[in-house]
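This report concerns only the one structure given below.
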Amino acid sequence: MHELKMKYQGKKMAPAFNAFHTFLFTPNETTHGGTHVKAADDLKRTMNTVIMALIPVLLFSMFNAGYQHYAAIDAANGTPRSLSFFENFLTWDNFWIGIIKVLPLVVVSYGVGLIVEFIFAVIKGHEVEEGYLVTGMLVPLIVPVDTPLWMLAVAVVFGVVIGKEVFGGTGMNILNPALTIRAFLFFAYPTWMSGDKVWVHGAVERAGGPDAISGETILGSLAQNAEVSYSVSDMFFGFIPGSVGETSTLLILIGGLFLIFSKIASWRIMLSAVIGSLVMGLIFNQVVEMGWITETSKFYGLMSFEFWKHLIVGGLAFGIVYMATDPVTGSQTNRGKWIYGFFIGFISVMIRVFNPAYPEGVFLAILLMNVFAPTIDHYVVQANVKRRMKRFKNAVVLPKDTDGKAEELKVETV
Amino acid sequence: MALLSKKDANLIKDPLADNNPITIQVLGICSALAITAELKASVVMAIAVMFVLGVGNVVISAMRNIIPSKIRIIVQLIVVATLVIVVDQVLKAFAYPLSKTLSVFVGLIITNCIIMGRFEAFALGNGLWRSFLDGIGNSLGYGIILVIVGFFRELLGSGTLFGFPVLGDPIEKTGLYSIGYENNGFMIIPPAALIVVGIIIWVQRSRNPALVEEN
């Protein structure tokens, strides 16, 4: 590898070889300029930490893909199965479905995405950036399990080129690339991205036949005012149908805590997004309680859904922990993060309830707030400047009659 | 070029590429987004704009010495409005379904910035023949982008071109559809046109870096 790298040094293909080299070995270059900061948490380390936080989710999702498949078949045969973690969840049969359905998604997402990254690095003559490592892992986790692989490939090309490279590559993008990919899939191929079939493996192929099985998510059933048969613990631990990796709130919570303690993700965004969604959920609950809508209303199912349960079904938790906290597309200022996160939660739940066609409003809410993040930051910074200017003026105008007061002012202006 | 002098030929050639009304001057975007979901509508729209702009430029150019400059915008509006109504009526008479698809956008040719822009910038200061060529050139430049965008959007979004199924039948699962291909619903909605236009702008500017704006 070293030899290859040396051989191609300065040539057009150099970035490609350098990328493989730095991925496998410590770079053999040192910085040349004057001052530089030495820190362990470089881009590669940051990305790897996020991927580590995603591994449990991925493993769980592989088992869950199989479990949901067999559970749906049992349910269709009239023998609803009860969950027993070791007997019918953690089995090879389930894991096998995960391997043949989930692993190809991961491979395609990484393969196609990295090819695009390499092509752009070679054309532009910069180094291949690590930015896709996380995106490539997020993408397979936020699509339905039966997504055709070529669709995923098309969407990844679109997302990486339009969502990221046109803005100048990693760190320059306005929109979260993984969510751009998800949004592209949603609008391009709605039949594969929504509805009551796609969430469980096999439900699409079997549709209409004698062995048809249901693939409805909880939010989907609620949007049709149907009964939900899953218990709260099922929802929390993730034994429910949904996009590949979004179901297990517990593992997402663990991943989120891991990210917070390693200081990769912002706890402010996560906390405020949770608050935002709870507030919106509470408002809707109140509307139901006041009797402003009747049971025949098409919003009844989702509006009467207890407010805290919004956090444990659907992609809200996953979106808050892994998507909203993206340091590139989110707000940068601390106060901005509170506002940004709050509106993500608030709007997510609002979209869920008011537009039954998009029960997964989370990705739309996050994309929308991505767009507004720089604006929020701008006003936060402006407000800060204004406040300090005011403080500065006061400090000058006030008479300095006593020592104590002068000292006080000094402290304030520093 | 015996027919046109070099200067005149440039009036037609420039707007086609290096001074394209859509990709360089970024005018007339709204109609480019709205009606390009089908190739047929794009072509008809291009022809309609060509008629309005070609004739309108000549009319304005002929009147350029007698229009008081204070009311020139009103005069221009009247000329465009007259021509647009003619186009609209012709479409309604001879191609009713098409005029349904184009709906309000034929009427909105009036507000197409390209037309008023050319009246102001060119026809008011140039002779009849040159104004005519300029009108044709700019509407061709507009039309060519419309057709390119329409081509990709119809091909990828509906799998047809001019309404003919070129990729097979999505319901019978023939042609490309037999191997699992599906139409891209995203291309049908207007934001896709914005992205396609953006890609054209990107390609054009990376081929000719002189076009990249300073910022």
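Every read-out reported here was derived from the displayed coordinates using simple, explicitly stated rules and does not represent laboratory data. Quantities reported herein were computed from a predicted structural model and do not represent experimental measurements. Positions of Cβ are backbone-derived with ideal geometry, glycine not excepted, and every protein chain shown enters the neighbour counts.
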message: Take the residue pairs A:K124/A:K164; A:K337/A:K386; A:K263/A:K393 and return only those whose Cα atoms are more than 25 Å apart.
response: A:K263/A:K393
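For each of B:R205, B:R130, A:R391, A:R268, count neighbouring Cβ atoms within 10 Å of the residue's Cβ, then give the residues from fewest to most.
Listed from fewest to most nearby Cβ atoms, that is A:R391, B:R205, B:R130, A:R268.
Between A:S231 and B:N65, what's the calculated FRET efficiency when r is the beta-carbon distance and R0 is 60 Å? Round to 0.05.
After rounding, the FRET efficiency stands at 0.10.
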field: Amide hydrogen neighbours beyond the local backbone of B:L161, cut-off 5 Å, H modeled
entry: B:V166
query: For the range A:95-141, treating each Cα as an identical point scatterer without solvent, what Debye log10 I(q)/I(0) comes out at q = 0.26, 0.27, 0.33 1/Å?
result: -0.87, -0.91, -1.11
- line: Whole-Hz Karplus couplings 3J(HN,Hα) for the range A:338-346, θ = phi - 60° and coefficients 6.51, -1.76, 1.60, Gly and Pro as x, run 4, 5, 4, x, 4, 5, 4, x, 4
statement: With N residues in the range B:19-151, Rg(alpha-carbon) / (2.2 N^0.38 Å) equals 1.01
- request: Using the 2.2 N^0.38 Å rule of thumb for compact globular proteins, work out how the range A:43-382 stacks up: its C-alpha Rg over that value, please.
  value: 0.97
- line: Note on the range A:301-393: alpha-carbon gyration tensor, axes a ≥ b ≥ c; rule is a/c under 1.5 for rounded, else prolate if a/b larger than b/c, else oblate; result prolate
Between 0 and 90°, nearest 10: helix B:72-94 axis offset from chain B longest Cα axis: 40 degrees
query: According to the square roots a ≥ b ≥ c of the eigenvalues of the Cα gyration tensor, what is the shape class of the range B:80-215, taking rounded for a/c under 1.5, prolate for a/b larger than b/c otherwise, and oblate for the remainder?
result: oblate
message: Explain nothing, just the number: dipole magnitude of the range A:43-382 about its Cα centre with +1 on each Lys and Arg Cβ and -1 on each Asp and Glu Cβ, in debye rounded to the nearest 20.
response: 760 debye
field: C-alpha long axis of helix B:190-207 to longest principal axis of chain B, angle in °
entry: 70 degrees
